[in-house]
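Down below is the structure, laid out as structure tokens.
The values are calculated or read from the model by the stated rules, or taken from the named source; none is laboratory data. Given the structure is predicted, the values throughout are model-derived calculations rather than measurements. In this analysis, Cβ positions are derived from the backbone assuming ideal geometry, glycine residues included, and neighbour counts consider all displayed protein chains. Note: areas computed on protein heavy atoms with side chains; ligands, DNA, RNA excluded. Shrake-Rupley method; radii C 1.70, N 1.55, O 1.52, S 1.80 Å.
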Amino acid sequence: MSEIPENDNLPVQETPAAAPSNPQAQQRQRASQLAQALRTELRKAVIGQGAVIDDVLTALLAGGHVLVEGVPGLGKTLLVRALARCFGGEFARIQFTPDLMPSDVTGHAVYDMQSEQFKLRKGPVFTNLLLADEINRAPAKTQAALLEVMQERQVTLEGRALPVQLPFMVLATMNPIEQEGTYPLPEAELDRFMLKLRMDYPQQDEELNMVRQVTRSARADMLEVSPLRTLLQAKDVLALQKIASDLPLDDQVLDYAVRLARATRSWPGLAMGAGPRASIALVRGGRARALLRGGDFVLPDDIKGCALAVLRHRVRLAPELDIEGLSVDQVLQQLLDQVPAPRL
């Protein structure tokens with residue numbers, strides 16, 4: 001495992017009287033400070049979306065992909081641009097449109113007249129951070145071009161399996177499916193996203209602050225990300241992911257994560273429950289949240305804190321509840337309130 005680098009620009013926290021003496025605990029503390037510094041930096045650019053920022057960082061630390069839903073203009077793309085600015089790795093953006101072809105995403109073979117051979121031209125998926133903007137504007141065959149790379153971290157071109165560089169993270173934005181010109185995402189693709197986040201309108205004071213900042217900016221209606229500092233390189237993200245994956249997890253907490261996922265399969269009002277990927281995502285997300293808050297081990301609250309984002313796109317509401325106007329989140333919240341959590 002690579003060491004978390006020292007960074008003079010990071011905020012120095014007060015050292016408690018009983019500072020951790022073993023190297024593993026010091027490494028964990030340093031990783032937590034770095035993750036928290038990244039959160040602070042992102043909040044400078046993305047105003048009023050603190051919970052969404054925490055969830056995106058949870059997915060980054062857990063090595064997962066994120067789907068962000070919300071009406072246009074809430075800062076979904078801004079959030080990804082800000083993360084790319086704080087991250088020193090490679091960043092690519094694909095604007096999904098109805099005429100986008102799968103080869104525009106993954107790449108294709110081009111015939112070279114001089115050498116009289118086909119050469120592979122890699123697509124934008126060969127990067128560290130991939131922004132798939134308005135993913136549900138493209139038809140299913142183009143959306144499916146991301147399936148292999150999201151799961152296997154490789155792309156098959158002309159019969160050759162080409163690995164993408166690590167870390168690799170897809171951050172996809174989507175408009176609500178009620179909007180004109182959108183295609184629903186197939187369940188197989190939804191399941192590959194570790195988290196589905198919902199961006200809502202900001203509070204009045206937050207919107208006031210946002211308008212004040214944007215109208216001072218020279219770039220029309222955009223918030224600037226250029227003042228943000230680069231805090232992480234690719235190897236640092238891999239080190240953070242390794243530290244998060246090694247956080248201690250009690251068997252009772254592991255059992256709680258599995259019980260939550262299994263409960264969705266027989267819960268009244270849910271026509272389709274979550275598969276085993278949900279149990280895995282709950283545990284990975286719980287470990288990442290524990291690291292983000294500076295914990296030494298995973299608490300049931302860490303699992304519960306990411307459960308809505310893990311489960312909401314993996315279950316389907318029964319038609320009768322849909323007619324009554326209940327949302328998936330409301331039914332899942334009832335489930336979370338009623339499934340007993342262990343007391344550690």
Show me the ranking of peptides 125-132, 259-266, 153-160 by mean Cβ neighbours inside 10 Å, starting with the highest. 125-132, 259-266, 153-160
Qualifying trypsin sites (Lys or Arg not before Pro) in region 268-344, DSSP loop, other Cβ atoms within 10 Å at most 14: Arg343
With every protein chain left in place and a probe of 1.4 Å, what is the accessible surface of Asp104, to the nearest 10 Å²? 70 Å²
Toy charge model, Lys and Arg Cβ at +1, Asp and Glu Cβ at -1: the chain dipole around Cα centroid in debye, rounded to 20, equals 520 debye
Go through His108, His313 and list them by solvent-accessible area, largest first, probe radius 1.4 Å. His108, His313
Taking every DSSP beta bridge that has both residues in the chain, what percent is antiparallel when rounded to the nearest 5? 40 percent
Per residue solvent-accessible surface (Å²) - the chain, probe of 1.4 Å: 49 Å²
Separation between the Arg262 and Ala144 pseudo-spin-labels, each 7 Å from Cα along Cα→Cβ, expressed in nm? 3.4 nm
Which percent of the accessible area of the chain is formed by carbon and sulfur heavy atoms (probe 1.4 angstrom)? 50 percent
Give, in nm to one decimal, the length gained when the segment between Phe297 and Leu162 is fully stretched (0.36 nm per residue of separation minus the Cα-Cα distance). 45.0 nm
